[in-house]
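Visitor: Take a look at the following structure, please.
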Amino acid sequence: MPLVCLTDFREHAREHLSKSTWDFIEGGADDCCTRDENMAAFKKIRLRPRYLKDVSKVDMRTTIQGAEISAPICIAPTGFHRLAWPDGEMSTARAAQAASICYIASTYASCSLEDIVAAAPRGLRWFQLYVHPNRQINKQMIQKVESLGFKALVITVDVPKVGNRRNDITNQVDLMKKLLLKDLGSPEMGNVMPYFQMSPIDPSICWEDLSWFQSMTRLPIILKGILTKEDAELAVKHNVHGIIVSNHGGRQLDEVPASIDALTEVVAAVKGKVEVYLDGGIRTGNDVLKALALGAKCVFVGRPILWGLAYKGEHGVKEVLDILKNEFHTSMTLTGCRSVAEINQDLIRFSRL
């Protein structure tokens, strides 16, 4: 039987991946309240369709940081894709290139950045950075991704410490035994930190440090993990180029707002000065439409990409993206939106159900 929605891919992955890998991918922090609320919050929003419009042509194209993408549906940074498929991030990059969307490669990629670029040389790529306490390592990583043609630097801000992920503790997940991280070591330094458990994240990073990163690169800097108007205002003050509203898929601090619930506050705070994106809980084309109606420039999808990889590698990811794009096209058509620019808050209302 064909897989016809993202839930089908989830069930296939759950049945075919090892228990420890499935728990690692699906797990959230503590009681998983935020992980589950990320999806449930979308269902509290209802659509207000407008009819008798000419929707014979519907254009899903948009731009992020000046680059055109075929639809406002891109791939969020997730680590260790080889847990789901042998070619890992290389397959993900190929699927993103074929779909003409953006793929954010993770610091914790299980393929080298060189191999990711070689697999999809024409693809639009951003790089997600976990800030290491050693400034020299950060500098070398930034220089590498810039030289490899990545188009933006995405700094994750919500992991001064890894969240309390009970499944991984129970399963005694030890990625060191499974996957070698290709990019934390460098030829100059040797394999100083080849493994996940040996790559600490700097808990001292603060707003004043952003100027150092800006001095290191000409790439636009995006902050991932912002959930409040206060931090959104500080991001604008510190001249970042974009914000990804995200709670890390509910994997960090439990009982924070769902991403879609935090979006409005952040969008209002930045006053159009920077682009705002969203990740967390996107499972249907309606979800994409709702996020854009509330001010997101585009959405980034995480776990469903790994479900697609587990199904059929590059082709599974392509199927996941095609389903989301087709559903989004249908959502636009049935609400009377002929272009992404026509999607606005008048299309939605919040349900009391």
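The values are calculated or read from the model by the stated rules, or taken from the named source; none is laboratory data. What you see is a predicted model; the values in this text were computed from it and never measured. Backbone-built Cβ (ideal geometry, glycine too); neighbour counts: all protein chains shown. Accessible surface is based on the protein model in full, side chains and every heavy atom, while ligands, DNA and RNA are left aside. Shrake-Rupley method; radii C 1.70, N 1.55, O 1.52, S 1.80 Å.
Visitor: What is the local net charge at Ser331, summed over the other residues whose Cβ is closer than 10 Å to its Cβ (Lys, Arg +1; Asp, Glu -1)?
Guide: -1
Visitor: State to the nearest 20 debye the size of the charge dipole of the range 1-93 about its Cα centre, where the only charges are +1 on K and R beta carbons and -1 on D and E beta carbons.
Guide: With Lys and Arg at +1 and Asp and Glu at -1, about 620 debye.
Visitor: Let's test the formula: R0 of 56 Å, r as the Cβ-Cβ distance of Ser56 and Ala118. What FRET efficiency results, to the nearest 0.05?
Guide: That pair, Ser56 with Ala118, gives E of 0.85.
Visitor: Carbon and sulfur atoms: what percent of the 1.4 Å accessible area of the chain do they account for?
Guide: Its accessible area is 52 percent carbon and sulfur atoms.
Visitor: Roughly speaking, what % of Cα-Cα pairs in the range 198-340 are separated by over 20 Å, rounded to a whole number?
Guide: So the pairs more than 20 Å apart make up 55 percent of the total in the range 198-340.
Visitor: In deg cm²/dmol, rounded to 500, what helix-only [θ] at 222 nm does the chain give when every DSSP H run of at least 4 residues adds -39500 (n - 2.57) and the total is split over its residues?
Guide: It lands at -11500 deg cm²/dmol.
Visitor: To continue, here is another question. Using only the Cα atoms, work out Rg/Rh for the range 99-148, with Rh taken as the Kirkwood radius, to two decimals.
Guide: Taking Rh as the inverse mean 1/r over Cα pairs, Rg/Rh reads 0.98.
Visitor: Express in nm, to one decimal, how much length is gained between Glu255 and Val4 on full extension, taking 0.36 nm for each residue of separation and deducting their alpha carbon distance.
Guide: 87.2 nm
Visitor: To the nearest 10 square angstrom, what accessible area does Glu265 show with a 1.4 Å probe?
Guide: Taking all protein chains as shown, Glu265 has close to 80 Å².
Visitor: Sticking with this structure for a sec: Please calculate how many Å² of accessible area the range 236-331 carries per residue, with a 1.4 Å probe and no DNA, RNA or ligand atoms counted.
Guide: Accessible surface, normalised per residue, equals 31 Å².
Visitor: Please give the per residue accessible area of the range 1-156, computed with a probe of 1.4 Å over protein heavy atoms only, in Å².
Guide: Roughly 42 Å² per residue, with all protein chains present.
Visitor: Per-residue accessible area for His12 at 1.4 Å probe radius, Å² rounded to 10?
Guide: Surface accessible to solvent at His12 totals approximately 40 Å².
Visitor: Please identify the cysteines of the chain that lack any partner cysteine with a Cβ under 4.7 Å from their own Cβ.
Guide: If one checks each Cβ against the other cysteines of the chain, Cys5, Cys32, Cys33, Cys111, Cys206, Cys298, Cys337 turn up with nothing under 4.7 Å.
Visitor: A follow-up question, please. Work out the charge dipole of the chain with +1 on the Cβ of Lys and Arg and -1 on the Cβ of Asp and Glu about the Cα centre, then indicate which of Val131, Trp22, Tyr311 is farthest towards its positive end.
Guide: Most positive-ward Cα: Tyr311.
Visitor: If you don't mind, another one. Which ³J(HN,Hα) values, rounded to whole Hz and listed in residue order, are derived for the range 244-251 from phi using the Karplus coefficients 6.51, -1.76 and 1.60 in 6.51 cos²θ - 1.76 cosθ + 1.60 with θ = phi - 60°, glycine and proline given as x?
Guide: Per-residue couplings from phi come out as 9, 5, 7, 10, 6, x, x, 9 Hz.
Visitor: Once you put a point 7 Å from the Cα of Asp209 and another 7 Å from the Cα of Gln172, both along the Cβ direction, what distance in nm separates them?
Guide: The modelled label-to-label distance comes out at 3.3 nm.
Visitor: When you take every Cα atom in the range 54-121, what is the radius of gyration, and what is Dmax, the widest Cα pair distance, in Å?
Guide: 13.9, 47
Visitor: Now, a different point. If Lys and Arg each add +1 and Asp and Glu each add -1, what is the summed charge of the other residues whose beta carbon sits under 11 Å from the beta carbon of Val240?
Guide: +1
Visitor: Tell me, what does the Kirkwood hydrodynamic radius of the range 1-154 come to in angstroms if you use every pair of distinct C-alpha atoms?
Guide: It works out to 18.2 Å.
Visitor: Using the Cα atoms of the chain to build a convex hull, what is its mean projected area in square nanometres?
Guide: With the hull built on Cα positions only, its mean projection is 17.3 nm².
Visitor: Principal axes first, then extents: for the Cα atoms of the range 308-353, list largest minus smallest coordinate on each axis, whole Å, largest first.
Guide: 39, 29, 15
Visitor: Only bridges whose two residues both fall in the chain count here: according to DSSP, what percent of them are antiparallel, nearest 5?
Guide: 20 percent
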